[in-house]
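Read-outs throughout are calculated quantities, based only on the coordinates presented, and are distinct from any laboratory measurement. All figures in this text were calculated on a predicted structure; none of them were measured in a lab. Because the Cβ atoms are built from the backbone with ideal geometry, glycine has one as well, and the counts that use them run over all protein chains shown.
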Amino acid sequence: MNYENWISYRYMIASKGRFLTFLNVISVGGVAIGVAALIVVTGVMTGFGNNLREKIIGTTPHIMVEADGGVHDFAALQERINGLAGVKGSSAYIQGNVFLESASQVVGLVVRGILPETEQKTTNIDKYLVKGDFKGLDADGVIVGSELARYFGYSLGDTINLIAPGSGIAGTGWRHELKITGIFTTGMVDYDTNLIIVHLKKAQQIFHLPENTATGIGVRVDNPNKVDSIQGAIHGLIGYGFVVKTWIDMNRNLFDALILEKWGLFLILTLMVVVASFNIISTLIVTVTSKVHDIGILQSIGVPKSAIRRIFTKQGVFIGSLGTLLGVLGGVGLSYVLRTYVQVPKEIYSIDHVPVELQLSDMLAIITAAMVISFLATIYPAAKAANLQPVEALRYE
């Protein structure tokens, strides 16, 4: 250890000055609390964001291929799409709006017609089933969301009446009575309240579509975060007469808002570290004031101003480093406690614990910000120490 580091360390522990020791402890604690708060908050925001993303891509396909008037001969188009690299599977679907008539009430719903044997290749909706299964989804079966079932008091085996708007003009096929064969829970209120699932053939009857026509084709890919390249490949394969949308396109505003909120909180909480840096500044100023005699002696024996500046800069960096280290340990420990022991209402979030996820990039950004702020806090006190004149420092000795 060279003399600069040794002197910086001695000034930091300040064993002969209780007041300086107290200031150093406050400075370290301020940085530690700020860093720990940043780690916990960004971890919680990342966890909730990823949990929401998993629910979205679990209930909707990664890519949806649609066309005006529906996709005709969808089976042949599916074969072509399934041959693309990176595509895990595809499934045809029909989606539209209907009315549910129950107990003198009429509510609007979204009905989704699927093929059970291929739907499991594109979504995880089968994993969200809490009652019943896809096997019972026959021509007159329907799977409803848990919130819809709770609101109307539905259970397995009950019947519901659907009204297809506009189809009554022909005088037939406008009312459909279906039997509940399953109940699903995704954890997202909109889905659990407004979405019902029927067999593709039943959806064709409800919306008066030909047997080989569907609203679109859902596609599942190997990596949902890299759907843009496969979206372009599908465009090149089937032409631009189709609309090819990804799950990112449909939820861009939501995820942009989550990212903005996350980094907004990051900037706000970074102010805690900035406030803690004021403690570092005050600590160094008090240290410089109390060590004027020492600074004069060092200068008188030939220690250059740059070395004196580095002594106090290193002291501030040591304080920031120790605070950052303690903050990282505290933030990681608190995150573990939140993820393991703190419960949240499962009926609201569909999970029974706080979904904290710590990412290396976030951790590095927090550590870098804390260290940069700590370094900047040392500039003024270190410069004042370096600019002291030996004669002035030793005048009254």
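When the chain is treated as a GNM with alpha-carbon contacts under 10 Å, the residue of MET363, MET45, MET250 showing the greatest mean-square fluctuation is MET250. Between TYR9 and SER361, the simple label model (points 7 Å from Cα in the Cβ direction) yields a spacing of 3.8 nm. Counting only residues at least eight positions apart within a chain, or on another chain, the lysines with an alpha carbon under 24 Å from that of LYS314 are LYS16, LYS291, LYS305, LYS384.
Using the Cβ-Cβ distance between THR368 and ASP256 with R0 set to 30 Å, the FRET efficiency from 1/(1 + (r/R0)^6) comes to roughly 0.80. Each Lys and Arg contributes +1 and each Asp and Glu -1, all at the Cβ; summed about the Cα centre of the stretch 87-221, the dipole is approximately 260 debye. Would you mind classifying the stretch 27-151 by shape? Square roots of the alpha carbon gyration tensor eigenvalues, ordered a ≥ b ≥ c; an a/c under 1.5 is rounded, otherwise it is prolate if a/b is larger than b/c and oblate if not. Oblate shape, in that a/c is at least 1.5 and b/c is the bigger or equal ratio.
Once you have a ≥ b ≥ c as the square roots of the Cα gyration tensor eigenvalues for the stretch 87-221, tell me rounded if a/c is under 1.5, and otherwise prolate or oblate according to whether a/b is larger than b/c. Since a/c reaches 1.5 but b/c is at least a/b, the shape of the stretch 87-221 is classed as oblate.
Relative to the longest principal axis of the Cα atoms of the chain, the long axis of helix 3-13 makes an angle of roughly 70 degrees.
Database remark: amide H of ALA67 closer than 5 angstrom to the amide H of VAL243 (H placed geometrically; neighbours at sequence offset of 5 or more, or on other chains; Pro and chain starts carry no H). Scanning residues 5 or more positions from ASP158 or on other chains, those with amide H under 5 Å from its amide H are ILE180, with H placed 1.01 Å from N in the peptide plane.
Sorting the segments 147-154, 335-342 by their residues' average number of neighbouring beta-carbon atoms within 10 angstrom, most packed first, yields 147-154, 335-342. With respect to the chain, whose longest principal axis is taken over its alpha-carbon atoms, helix 18-59 is tilted by about 10°.
When the listed pairs LYS121/LYS179; LYS121/LYS226; LYS88/LYS262 are checked against a 22 Å cut-off, the alpha-carbon distance exceeds it for LYS121/LYS179; LYS88/LYS262.
With respect to the chain, whose longest principal axis is taken over its alpha-carbon atoms, helix 360-377 is tilted by about 30°. Loop-located chymotrypsin sites (Phe, Trp or Tyr not before Pro) across the stretch 191-244 with a Cβ neighbour count of 10 or fewer within 10 Å are TYR240, with loop assigned by DSSP. Between the listed residues GLN105, PRO165, PHE207, the Cα displaced farthest toward the positive end of the dipole of the stretch 87-221, a dipole computed from Cβ unit charges relative to the Cα centre, is found at PHE207. Counted residue by residue at 0.36 nm each, then reduced by the alpha carbon distance between them, the extension gain from SER282 to VAL303 reaches 5.1 nm. Classify the chain as rounded, prolate or oblate, taking a ≥ b ≥ c as the square roots of the eigenvalues of its Cα gyration tensor: rounded when a/c is under 1.5, otherwise prolate if a/b is larger than b/c and oblate if not. In terms of gyration-tensor shape, prolate. Across the stretch 66-73, coupling constants 3J(HN,Hα) worked out from phi with the 6.51/-1.76/1.60 Karplus curve, θ = phi - 60°, read 9, 8, 4, x, x, 9, 8, 6 Hz, and Gly and Pro carry x. In the chain, helical runs assigned H by DSSP with n ≥ 4 each contribute -39500 (n - 2.57); averaged across all residues and rounded to the nearest 500, the mean residue ellipticity at 222 nm is -18000 deg cm²/dmol. Under a model in which nothing but the beta-carbon of Lys, Arg (+1) and Asp, Glu (-1) is charged, the chain shows a dipole of about 1860 debye around its Cα centre.
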